[in-house]
Amino acid sequence: MADLGSSLDRTEAYIQAEGYRGYDPYDGLASPLFRLPVLNRAKLPRWGFQQVVKRLPLQIRPLLGIPKGYNPVTLALCAQALTWRDMAAGEGDARRAEVSRLVDELERLRSPGYSGSCWGYDFHWQARYANFPAGHPTVVATGFITHALFTVWNHYGLEKARDLVLDAVPFVIKDLNRTSHGDTFCWSYSPTDNNEVLNATMKGSRLLAQAVSLGGDAHWLEDARATIRYVVSRQSETGSWPYAIGDARSWADHFHTCYNLDCMHEYQELSGDLSFEEALGKGLKYYIAHFFTADGTPKYYDQSTYPIDATCCGQALLTLIRFGYFDQAEKTAHWILENMSLPGGAFKYQINPRFENRLIYMRWSVAWIFSGLARLELASANQGR
């Protein structure tokens with residue numbers, strides 16, 4: 001793609017000019033209003049306000065006193081993308097110093113008081129089934145960050161990146177709760193809940209497999225294998241997965257399906273355990289058949305296209321390239337650059353049937369698409385295109 005490199009250059013410059021800071025769809029509770037008595041703990045007003053701010057296509061955050069955030073997941077996605085850009089260039093490591101600085105920042109931003117390295121978001125977040133204060137660690141944020149650190153280690157050999165991956169294992173093994181089902185189990189989303197969220201527990205399994213490949217205890221793979229068996233047991237006959245088990249969140253959506261596929265594949269590659277190949281193949285077949293339109297547009301749900309979402313766009317590229325669907329990735333990337341790009345290097349949040357939400361969200365939109373496009377740039381370089 002002739003315009004891919006120049007688009008990535010603009011996005012990289014935009015992110016760094018913003019100092020990696022920006023708004024987030026879920027940052028509504030960062031308003032000083034929610035430090036007031038009652039509002040600082042009342043679930044329904046908190047959740048409702050957060051949803052309203054998330055859905056409004058008008059940027060009212062400055063009026064609400066919500067500052068631009070500094071999210072460790074943004075830093076991790078960007079470190080990963082910058083690493084891939086250096087790998088694609090093939091000559092020198094022009095971004096090594098910046099990636100090393102981001103790793104230092106990730107070390108600094110760890111959530112204190114837990115058994116190992118772990119991370120949360122930089123804003124209060126009222127979920128439907130849990131409440132997460134700013135900095136409260138989750139296996140999801142931790143899994144995104146350690147996955148990026150694993151990429152950084154594999155290219156640059158930065159010891160700190162390797163050490164942080166290994167040091168995150170005790171958080172998963174000791175601090176997360178387990179819901180057991182026979183000889184399988186599901187890790188909780190955070191240390192303070194018992195939600196059975198499939199992509200969350202899969203991120204724990206991927207982290208353990210990566211840590212073992214870095215010299216960690218081989219017995220960690222037993223836990224990784226047990227929780228993947230749990231996820232496989234929840235796969236439908238068609239190959240799809242629901243978001244969660246035991247509550248109303250039974251939908252199948254794009255990026256959470258990708259996370260399940262990517263984590264299972266990474267586990268197999270690193271462990272050599274191919275016992276989940278059938279489930280992986282069935283899930284991948286369902287994903288390719290149900291989550292794209294004919295022109296490459298990433299659908300949000302398996303049964304519904306809208307809202308067309310920035311994270312779906314970025315993550316689609318990562319998963320397509322992982323599984324060798326290079327032509328599909330190019331088609332989707334072309335659609336993204338034509339339809340999601342904004343002047344200056346940023347990207348829209350969502351497209352709906354009747355309107356576009358053109359607000360800029362650093363983690364959800366810009367960093368995720370930056371990562372996906374950077375991975376495509378590397379795949380293109382490897383194929384000599």
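The values are calculated or read from the model by the stated rules, or taken from the named source; none is laboratory data. A quick note: this is a predicted structure, and the numbers were derived from the prediction, not measured. Don't worry about glycine lacking a Cβ; one is built from the backbone with ideal geometry, like all the others, and counts go over all protein chains shown. Quick note on the areas: whole protein, heavy atoms, side chains included, nothing else; ligands and nucleic acids left out. Shrake-Rupley method; radii C 1.70, N 1.55, O 1.52, S 1.80 Å.
Side notes on the structure shown:
- For the range 202-216, taking the residues that are of a type outside the set (Gly, Ala, Ser) and assigned to a helix (DSSP H, G or I), the one that is surrounded by the fewest Cβ atoms within 10 Å (Cβ to Cβ) is identified as 212.
- Checked against the criterion of being touching a strand residue (DSSP E or B) at 6+ places or on another chain (Cβ under 8 Å), assigned to a helix (DSSP H, G or I) and among the charged types (D, E, K, R), the range 358-365 contains one or more residues that satisfy it.
- Residue satisfying condition, being among the basic types (Lys, Arg) and either under 22 Å from residue 271 (Cα atoms) or in contact with a strand residue (DSSP E or B) (Cβ under 8 Å, 6 or more places away or on another chain) (or both), within set 110, 206: 206
- Filter result (open to solvent by 60 Å² or more (accessible area, probe 1.4 Å) and within 25 Å of the chain's Cα centre (by Cα)) within the range 22-53: 47, 52
- Members of the range 148-190 found to be touching a Lys or Arg at 6+ places or on another chain (Cβ under 8 Å), open to solvent by 30 Å² or more (accessible area, probe 1.4 Å) and part of a helix (DSSP H, G or I), listed by number: 153
- Residue selected from the range 58-97 under the condition among the polar types (S, T, N, Q) and open to solvent by less than 60 Å² (accessible area, probe 1.4 Å), by the criterion nearest to the chain's Cα centre (by Cα): 74
- Checklist (1) open to solvent by less than 30 Å² (accessible area, probe 1.4 Å); (2) under 24 Å from residue 378 (Cβ atoms); (3) assigned to a loop (DSSP other than H, G, I, E, B) applied to residue 106, failing item: (3)
- The range 339-357, subset assigned to a loop (DSSP other than H, G, I, E, B) and of a type in the set (A, V, I, L, M, F, W, C), residue most open to solvent (accessible area, probe 1.4 Å): 355
- Residue, surrounded by the most Cβ atoms within 10 Å (Cβ to Cβ), within the range 277-304, restricted to residues that are over 11 Å from residue 316 (Cβ atoms) and of a type in the set (Gly, Ala, Ser): 283
- Search result, residues across the range 57-93 that are closer than 16 Å to residue 360 by Cα and not in a helix (DSSP H, G or I): 57, 58, 59, 60, 66, 67, 68, 69, 70, 71
- Within the range 236-257, residues that are at negative phi sit with their Cβ atoms under 6 Å from residues that are of a type in the set (A, V, I, L, M), at 6+ positions apart or across chains, in these pairs: 240/252; 241/198; 244/197.
- Pick from the range 320-338, criterion open to solvent by 10 Å² or more (accessible area, probe 1.4 Å), free of Cβ contacts under 8 Å to residues at least 24 places away in the same chain and not in a loop (DSSP other than H, G, I, E, B), ranking: farthest from residue 21 (Cα to Cα): 327
- Subset of the range 217-268 that is within 22 Å of residue 297 (Cβ to Cβ) and either part of a loop (DSSP other than H, G, I, E, B) or over 20 Å from the mean Cα position of the chain (by Cα) (or both) - its residue that is modelled with the lowest pLDDT: 251
- If you check 270, 317, 221 for being without any contact (Cβ under 8 Å) to a residue 60 or more places away in the chain and more than 30 Å from residue 54 (Cβ to Cβ), only one passes: 221.
- Residue list for the range 126-139, filter: surrounded by fewer than 23 Cβ atoms within 10 Å (Cβ to Cβ), touching a helix residue (DSSP H, G or I) at 6+ places or on another chain (Cβ under 9 Å) and of a type outside the set (S, T, N, Q): 127, 128, 134
- The residue pairs whose first member lies in the range 341-364 and is farther than 18 Å from residue 298 by Cα, whose second member is open to solvent by less than 10 Å² (accessible area, probe 1.4 Å) and among the β-branched types (Val, Ile, Thr), and whose beta carbons are closer than 6 Å, counting only pairs six or more residues apart or on different chains, are 345/11; 346/366; 362/74; 363/73; 363/74.
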